[in-house]
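Throughout, read-outs are computed from the coordinates displayed, never taken from laboratory work. In this text, all values refer to a predicted model and were calculated from it rather than measured experimentally. Don't worry about glycine lacking a Cβ; one is built from the backbone with ideal geometry, like all the others, and counts go over all protein chains shown.
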């Protein structure tokens, strides 16, 4: 018998693979090692991002921000924040102020005066749906942490932030508190 690609390339027929059309349930995702529990507990707050054990990687806090001034009431404005370096989103802060000088018209929590949405470059919704900002945003002294390890952001990625003022004559600022990773340089001196 003649084998067109040589006998060494002939393989036994493979067993058909089973395709799953449904994501597994939470209880199906536990560990399988017989000497370990299926799940372990770990704190969620405060947010604890990953740090590299590579000594050439450095970290720096950076506040990425955007906002709107005098946006039309009940009309969403999309703002984009670009990231030049890999980072972890740790917390979301925001603030609201009037632009007409009438601060007395802000009663209660100023973060109740606008809606916010937040999505990653890939379309992944960090905030699933648009919600009143006080439900997800903090302030400078009390940041709204994401929890867990934060949200990973790659080099060159961006965040799309939707801001919907519920009243006219507002200035709305949104700040993403991030931990940036800085790798070693791509040049060397001497040698």
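Details
- Shape category assigned to region 55-145 from the gyration tensor of Cα positions, a/c cut at 1.5: prolate
- Residue exposure sequence - 29, 181 - by fewest surrounding Cβ within 10 Å: 29, 181
- Per-residue Cβ neighbour counts within 10 Å put 136, 40, 175, 57 in the sequence 40, 57, 136, 175, beginning with the fewest.
- Two-site FRET efficiency, residue 106 against residue 50, from Cβ-Cβ distance with R₀ of 35 Å, rounded to 0.05: 0.35
- Debye equation applied to the C-alpha atoms of the chain, log10 I(q)/I(0) at 0.12, 0.18 Å⁻¹: -0.77, -1.20
- Listed residues 64, 25, 45, most fluctuating in the chain (Gaussian network, C-alpha, under 10 Å): 25
- For the chain, modelled as a GNM whose springs connect Cα atoms under 10 angstrom apart, the maximal fluctuation among 177, 96, 107 occurs at 107.
- Segment residue 35..residue 124, full-extension length gain: 28.4 nm, with 0.36 nm per residue of separation and the alpha-carbon distance subtracted.
- Look at where the Cα atoms of region 82-116 and of region 136-151 average out, and the two centres are 13 Å apart.
- The calculated FRET efficiency for the pair residue 63 and residue 42, based on their C-beta separation and a Förster distance of 22 Å, comes to about 0.20.
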